[in-house]
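These notes concern the structure reproduced below.
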Amino acid sequence: MEILIAASIGFLTMAGVYLVLRRHSYPMIVGTAFLSYAVNLFLFAMGRLTLDRPPLVDPAAPGYTDPLPQALVLTAIVISFGMTALIVVLALRGFLETGSDRLDGGPPHEPEAPGADRAGGPA
């Protein structure tokens with residue numbers, strides 16, 4: 001089970017970094033969401049969750065579960081939702097102002113051939 005969680009954290013991080021490095025705004029937004037999911041899963045896994053244990057110290061219970069990782073993940077989910085909404089609004093505003101969703105300020109479409117100019121004729 002531990003290898004599955006570690007592999008999913010690694011896969012989410014890999015996909016998130018790949019998408020953040022893309023030139024367009026929508027893949028960047030999805031990449032930041034994947035990175036936040038990876039961090040949330042990492043925080044949740046570091047809590048060493050146990051079953052059937054109370055979150056509060058009780059002398060009658062054999063042990064207790066640390067409630068801090070769950071609280072951190074819940075807070076991170078709320079913050080990442082708000083930040084994702086803000087980024088989506090900023091990306092939409094940038095698209096409406098410039099007509100392109102590219103982040104590097106380049107042309108909205110790539111040229112068809114390396115030797116062709118914008119009219120489509122030879123260079």
Exercise for review: Could you tell me which residue of segment 77-123 is farthest from Ser36 (Cα to Cα), considering only residues that are modelled with pLDDT of 90 or more and of a type in the set (Gly, Ala, Ser)?
Suggested key: Ala91
Point to revise | Matching residues in segment 2-34 - criterion: being touching a residue at least 12 places away in the same chain (Cβ under 8 Å), among the aromatic types (Phe, Trp, Tyr) and surrounded by fewer than 17 Cβ atoms within 10 Å (Cβ to Cβ) | key: Tyr18, Tyr26
Practice item. Please go through segment 82-108 and pick out each residue that is surrounded by 12 or more Cβ atoms within 10 Å (Cβ to Cβ) and under 15 Å from the mean Cα position of the chain (by Cα). Key: Met83, Thr84, Ile87, Val88
Practice item. Would you point out the residue of segment 60-77, among those that are surrounded by 12 or more Cβ atoms within 10 Å (Cβ to Cβ) and among the small types (Gly, Ala, Ser), that is farthest from the chain's Cα centre (by Cα)? Key: Ala61
Review point. If you scan segment 44-87, which residues turn out to be in contact with a Phe, Trp or Tyr (Cβ under 8 Å, 6 or more places away or on another chain) and free of Cβ contacts under 8 Å to residues at least 12 places away in the same chain?
Key: Pro54, Leu56, Val57, Asp58
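The values are calculated or read from the model by the stated rules, or taken from the named source; none is laboratory data. All values reported here derive from a predicted model rather than from experimental measurement. Positions of Cβ are generated from backbone atoms using ideal geometry, with glycine treated the same way; all protein chains shown enter the neighbour counts.
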